[in-house]
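See below for the structure under consideration.
Only the coordinates and a few stated rules stand behind these numbers; no lab work does. These numbers were taken from a predicted model, which means no experiment stands behind them. Every residue, glycine among them, receives a Cβ derived from its backbone with ideal geometry; neighbour counts consider all protein chains shown.
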């Protein structure tokens, strides 16, 4: 968690600029404060309420802030028949209009149970309170919202790809690495040439791989000796074996499919994968953060024809 961000600070200013501090309560007893009133037109069932929010705990550590993430949150207003079973904060959204700013507090235990849907982890201080600062941007129809979200996602991905490209190219230049690039934006170096044709859609590639970040932190490998060397060894993975990927079918990050198409049987390469072709804005693990550029050393041990591989899938995701 971080201390108060610029986005949260701006949201606080918005709330404070026209503060009426009117306490409201939902039918199931959830209390919240309306700090600023909007147009007063409440959302109808089926409509989408789009809002910015900042979430922090009672120690002033920020958990989330949509203004810094660049994408607002949204909730669809359900049929009135569902209201009785809704949690308090969902009932609250039914009562907000465009331009409203609201403040809500939830004990951390209740936050995990009602919103996360799991018991509070032992590592969290059970005495904390979670505060929401919410500002309703608009109330819109589903079709319009989906269209706007698609445009926003494309815009954010384009911007993030540009940022990632600058970071990757700077890293390669500093290391004196001369790399090729794919049409999608992956930089790569073939360290050992293979034989035969490159992998194509439908082919099954049997590979060894090692994944790490630009800062040198390793996060995954299927090679036992490397796992032991880098502190990644897990006895539950025994026996360590080659990893199978059916190109454009297996559930791996999209960057893998693109990377493998530059390799043939016996080839080895290092691939610098932009976050937009990896896990994007979501945190994938303790090591792989939001918008993280990934590096993979990949060796293709064998390639199988599409006919032999067409019925095979891979449940694992890298």
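Things to note:
- In a fully extended conformation the segment linking residue 159 and residue 97 would gain 19.2 nm over its present Cα-Cα distance, using 0.36 nm per residue.
- Eigenvalues of the alpha-carbon gyration tensor of the range 100-198, scaled by 5 and square-rooted, set the equivalent ellipsoid semi-axes at 44, 24, 15 angstrom, largest first.
- Arranged from fewest to most other beta-carbon atoms within 10 Å of their beta carbon, 63, 256 become 63, 256.
- Only Cα pairs under 8 Å and 6+ residues apart enter the sum, and on that basis the relative contact order of the chain stands at 15 percent.
- Counting neighbouring beta carbons within 10 Å and listing from fewest to most, the residues 90, 33, 168 come out as 33, 90, 168.
- Against the main long axis of the alpha-carbon atoms of the chain, helix 6-17 sits at an angle near 10°.
- All C-alpha pair distances within the chain, sorted into 20 Å bins from zero, spread as 26, 45, 27, 2 percent across the bins.
- Stokes-Einstein translational diffusion, the range 6-141 - Kirkwood Rh over all Cα pairs, 1.567 mPa s, 4 °C, in µm²/s: 84 µm²/s
- Most mobile of 110, 123, 261 in a GNM of the chain (Cα contacts under 10 Å): 123
- Label point at residue 173 placed 7 Å out along Cα→Cβ; residues across the range 208-222 whose backbone nitrogen lies under 11 Å: none
- Taking one quarter of the surface of the C-alpha convex hull of the range 156-309 gives a mean projected area of 9.4 nm².
- Axis angle, to the nearest 10 degrees, between helix 142-175 and the longest C-alpha principal axis of the chain: 50 degrees.
- The range 132-246 - convex hull of alpha carbons, volume per residue in Å³: 253 Å³
- Pair residue 125, residue 166: separation of 7 Å Cα→Cβ label points (nm): 3.7 nm
- Each part gets one Cα centre, and for the range 64-100 versus the range 103-140 those centres are 13 Å apart.
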